[in-house]
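Engineer: Mind looking over this structure? Questions follow.
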């Protein structure tokens with residue numbers, strides 16, 4: 001069983017929310033479109049994301065959430081417009097950007113242990129072999145897998161596999177962490193525990209996070225801002241500021257009147273897009 005860890009024990013955000021608007025953007029999305037033949041998937045998206053900021057992305061199925069994330073990862077190139085990372089146009093995958101996929105089972109190498117999967121990222125960034133064991137153990141400890149280094153993915157629960165994928169991404173030392181509905185298949189308690197762990201790790205490392213989810217409460221709980229996409233083609237309908245105190249708490253934050261107000265506002269937005 002995974003022990004619940006309240007965000008009240010986690011480190012506070014490296015960059016205060018009030019200072020984010022004064023920073024040069026870590027990611028700049030400028031009038032991005034993406035088309036496949038005559039079919040336009042993304043239409044004219046523009047938004048700046050500050051260093052250390054967490055952006056939640058929501059919207060109805062088919063509005064381009066995952067496609068947008070793939071462009072931010074350099075896995076898909078826009079038809080027009082640009083994606084910039086620290087002022088430079090992103091032309092393809094970059095080691096400073098890590099992505100956590102929803103299908104954790106296929107993301108991990110089944111023939112490698114937990115330690116071996118984390119080592120993969122260290123090998124890719126040229127980390128000397130003698131330095132890897134200490135880094136691997138530290139990362140596994142942080143993510144709650146310190147005693148499971150020698151286990152293979154098939155010997156782990158879904159929550160443990162997802163933790164392992166996160167640990168491997170953190171081994172890249174990314175500036176940007178992209179997450180594509182990573183907790184959608186997990187039970188409620190595991191999901192909430194991983195939400196808190198991710199928030200704590202992002203606060204500790206100062207990474208910028210873009211988190212795609214269908215869960216409105218998850219979007220509010222994690223985000224500094226919420227980008228609401230509309231479909232046909234995918235475009236920004238509204239950007240909602242989340243003015244909830246950090247660090248956040250699974251009980252107290254969700255009972256906050258502002259949390260409840262935001263949930264209703266987002267529900268009405270999504271409902272309107274389905275009509």
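Nothing in this text is a laboratory measurement; each read-out follows from the coordinates by a stated rule. Everything numeric here is computed off the predicted structure, so don't read it as measured data. In this analysis, Cβ positions are derived from the backbone assuming ideal geometry, glycine residues included, and neighbour counts consider all displayed protein chains.
Engineer: Can you give the helix-only mean residue ellipticity at 222 nm for the chain, where every DSSP H stretch with n ≥ 4 adds -39500 (n - 2.57) and the sum goes over all residues, rounded to the nearest 500 deg cm²/dmol?
Structural biologist: That calculation yields -10500 deg cm²/dmol at 222 nm.
Engineer: Under a crude label model (7 Å from the Cα following the beta-carbon direction), how far is residue 215 from residue 137 in nanometres?
Structural biologist: 3.3 nm
Engineer: Give me the number: length gained by fully extending residue 89 to residue 127, i.e. 0.36 nm times residue separation minus the C-alpha to C-alpha distance, one decimal in nm.
Structural biologist: Once the chain is fully extended between residue 89 and residue 127, it gains 11.0 nm.
Engineer: How far apart, in nm, are two points set 7 Å out from the Cα along the Cα-to-Cβ line at residue 254 and at residue 173?
Structural biologist: Calculated label separation equals 3.7 nm.
Engineer: Let me ask something else. Top mean-square fluctuation among 68, 39, 170, Gaussian network model of the chain, C-alpha springs under 10 Å?
Structural biologist: In this elastic network of the chain, the residue with the biggest mean-square fluctuation among 68, 39, 170 is 39.
Engineer: Would you list 267, 221 from fewest to most Cβ contacts within 10 Å?
Structural biologist: In increasing order of surrounding Cβ atoms, one gets 267, 221.
Engineer: Right, something else. Tell me whether region 27-107 comes out rounded, prolate or oblate; compute the Cα gyration tensor, take square roots of the eigenvalues as a ≥ b ≥ c, and use a/c under 1.5 as the rounded threshold.
Structural biologist: rounded
Engineer: Please identify which residues in region 72-113 have an amide N closer than 20 Å to a label point set 7 Å out from the Cα of residue 36, following the Cα→Cβ vector.
Structural biologist: Residues 72-81, 92-93, 101-103 fall inside that zone.
Engineer: Another one. Relative contact order of region 109-173: what whole-number percent is it, with Cα pairs under 8 angstrom and at least 6 residues apart?
Structural biologist: Contact order relative to length: 50 percent.
Engineer: When a/c reaches 1.5 or more, the comparison of a/b and b/c decides; with that in mind, is region 123-185 rounded, prolate or oblate per its Cα gyration tensor?
Structural biologist: oblate
Engineer: Sorting check: for 206-215, 256-265, which peptide has the highest mean count of neighbouring beta carbons within 10 Å, and how do the rest follow?
Structural biologist: Peptide ranking by packing, descending: 206-215, 256-265.
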